[in-house]
Amino acid sequence: MKKFIDLKNSLDYTKLKEAAEIIRLGGLVLFPTETVYGLGANGLDENAVKNIFKAKGRSSDNPLILHISDFNMLNDIVENISDVEYKLMKEFWPGPFTIILNRKPVVPNIVTANLDTVGIRMPSNEIANKLISYSGLPIAAPSANISGKPSGTNISDIFDELSDKVDCIIDGGNTLVGLESTVVRVIDGIPTILRPGKITPEDIKRVVGNVKIDKHIFSKLEDGEKVLSPGMKYKHYAPDSKCVLVYSDNNDLLVKKINEISMSYKTPLILSTSENVKNYENKLVIDIGSKYNLDEIAKNIFTDLRKVDKFNPDIVIIEGVKQEGLGLAIMNRLVRACSHNYIEI
């Protein structure tokens, strides 16, 4: 790491001009967005983008998202935008919303995993937006973490694993949302959610009247199937420890099942909603937040998943939440963190 820019308590965004120059010169910059931290490079420079994959240990068949600062930048990299796609972008941009569009030849194949489409997002985080604007380039940026590990929502969580692999780190404090953006592809005029996020199916339906959810949100990709969006891989967001996800609409059954599972292990650790912490007596418990405040859980979950390995448990048992609204995105991340080791009662 050559440069560190601290903007946690500063509004002097002119400091970002140096980071923007690093982007233009082909370097890697770790920067905050409203969702999670991103590991960014010039999205039109094939060699710069290669360094993203190298730093993360990311598979080349996993496409990246291009981050833009305005609609002028959009028109330089995509084409044949439909009315439905425009409607979604105008409603949810800037914000935690990614849309898959038809790319122009200027976008390198390495960004799209050789697909004819590319994911585009316009962040609402001012640091991210200014960085893109100052660079004058779309920034390719997956989440800032080693591939497969929980995404970074603050610098302290990811500093050790990435600081020696980037040219600049921008510290903007804790991210606001805590989960990666919703990813949508419009198919036959209907938005299809490939990866759920803060923008929910209900939000999209309100805008365009219809929405579908891709079957892979909770299922594994078959061998040979192409990855259309980041976050669709088999194992993602995972700690090193073995994890199991448990959910029930009946809280008594949920607690009973988790206690039963924990009895089969010497050093179980439970990720519990605030309301149930007291129901796991004499066990190691991490409070993930209230089940009545899914925004709180979303903001905490990646940091909490990173905490568990410090305790070296022989099993991590995670309380699930109802799969509606933001709960859909939380459960998507947890199912993948547990390698689909999921029990529903």
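Tally Lys and Arg at +1 and Asp and Glu at -1 over the other residues with C-beta under 15 Å from the C-beta of S274: what net charge comes out?
Details: positive: K278, K291, K299; negative: E275, D287, D295, E296, D304, E319.
For residues surrounding S274, the net value is -3.
With all pairs of different alpha carbon atoms counted, what Kirkwood hydrodynamic radius in Å does region 271-316 show?
Numbers: mean 1/r = 0.0902 Å⁻¹.
Final number for the Kirkwood radius of region 271-316 is 11.1 Å.
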Applying the Karplus parametrisation 6.51 cos²θ - 1.76 cosθ + 1.60 with θ = phi - 60° to the phi angles of region 92-100, what ³J(HN,Hα) value in whole Hz is obtained for each residue in order, glycine and proline being reported as x? 10, 9, x, x, x, 9, 10, 10, 8
The chain - Cys residues lacking any other Cys C-beta under 4.7 Å: C168
Evaluate the distance, in nm, between pseudo-label points positioned 7 Å from the Cα of N282 and of D160 along their respective Cα→Cβ axes. 3.2
List, in order, the whole-Hz ³J(HN,Hα) value for each residue of region 261-275 obtained from phi through the Karplus relation with A = 6.51, B = -1.76, C = 1.60 and θ = phi - 60°; use x for Gly and Pro. 4, 4, 5, 8, 10, 7, 10, x, 10, 10, 8, 10, 5, 4, 5
Largest to smallest principal axis extent of the C-alpha atoms in region 56-189, angstrom: 43, 29, 26
To the nearest 20 debye, region 42-155 has a Cα-centred charge dipole, built from +1 on Lys and Arg Cβ and -1 on Asp and Glu Cβ, of 440
Given a 1.4 Å probe and every protein chain left where it sits, what share in percent of the accessible area of region 187-345 is carbon and sulfur? 47
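For region 233-276, what number results from the quotient of the Cα radius of gyration and 2.2 N^0.38 Å? Can you show the working numbers first?
Numbers: Rg = 12.0 Å, N = 44, 2.2 N^0.38 = 9.3 Å.
Normalised by 2.2 N^0.38 Å, the Cα Rg of region 233-276 equals 1.30.
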Residues whose modelled amide H sits under 5 Å from the amide H of K212, counting only those 5 or more places away in sequence or on another chain, are T192, I193
From phi via Karplus (6.51, -1.76, 1.60), per-residue ³J(HN,Hα) for region 126-133 in Hz, x at Gly/Pro: 5, 5, 4, 5, 5, 4, 5, 4
log10 I(q)/I(0) for region 192-345, Debye formula on C-alpha points only (no solvent), q = 0.12 Å⁻¹, two decimals, reads -0.51
Shape of region 111-190 from its Cα gyration tensor (a ≥ b ≥ c, root eigenvalues): rounded if a/c is under 1.5, otherwise prolate when a/b > b/c, or oblate? prolate
Centre separation in Å (Cα based) which lies between region 304-345 and region 126-198: 21
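Tell me what the chain gives for mean residue ellipticity at 222 nm when only DSSP H runs of n ≥ 4 count, each as -39,500 (n - 2.57), the sum divided by the residue total, rounded to 500 deg cm²/dmol.
Taking each H run of at least 4 residues, the total per residue is -9000 deg cm²/dmol.
Quick one: work out the % antiparallel among DSSP beta bridges in the chain, nearest 5. Walk me through the numbers before you get to the answer.
On the way: 21 of 52 bridges.
Antiparallel bridges: around 40 percent, rounded to the nearest 5.
What is region 1-116's relative contact order, in percent, from Cα pairs under 8 angstrom and six or more apart in sequence?
Working: 102 pairs, mean separation 27.0, N = 116.
Computed value for region 1-116: 23 percent relative contact order.
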Using modelled backbone amide H atoms (1.01 Å from N, in-plane), which distant-in-sequence or interchain residues come within less than 5 Å of I169's amide H? K3, F4, I5, L30
Rounded to the nearest percent, how much of the accessible area of region 26-82 (1.4 Å probe, protein heavy atoms only) is carbon and sulfur? 39
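What is the sum of charges around K212, taking Lys and Arg as +1, Asp and Glu as -1, for the other residues whose C-beta is under 13 Å from the C-beta of K212?
Working: positive: R185, K205, K215; negative: D188, D214.
Neighbour charge sum, excluding K212 itself: +1.
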Taking a probe of 1.4 Å, how large is the accessible area per residue of the chain, in Å²? 42
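The values are calculated or read from the model by the stated rules, or taken from the named source; none is laboratory data. Everything quoted here is computed from the prediction, not taken from an experiment. Glycine also receives a Cβ, built like all others from the backbone with ideal geometry; neighbour counts cover every protein chain displayed. These area figures cover heavy atoms from the full protein model, side chains too; ligands, DNA and RNA do not enter into them. Shrake-Rupley method; radii C 1.70, N 1.55, O 1.52, S 1.80 Å.
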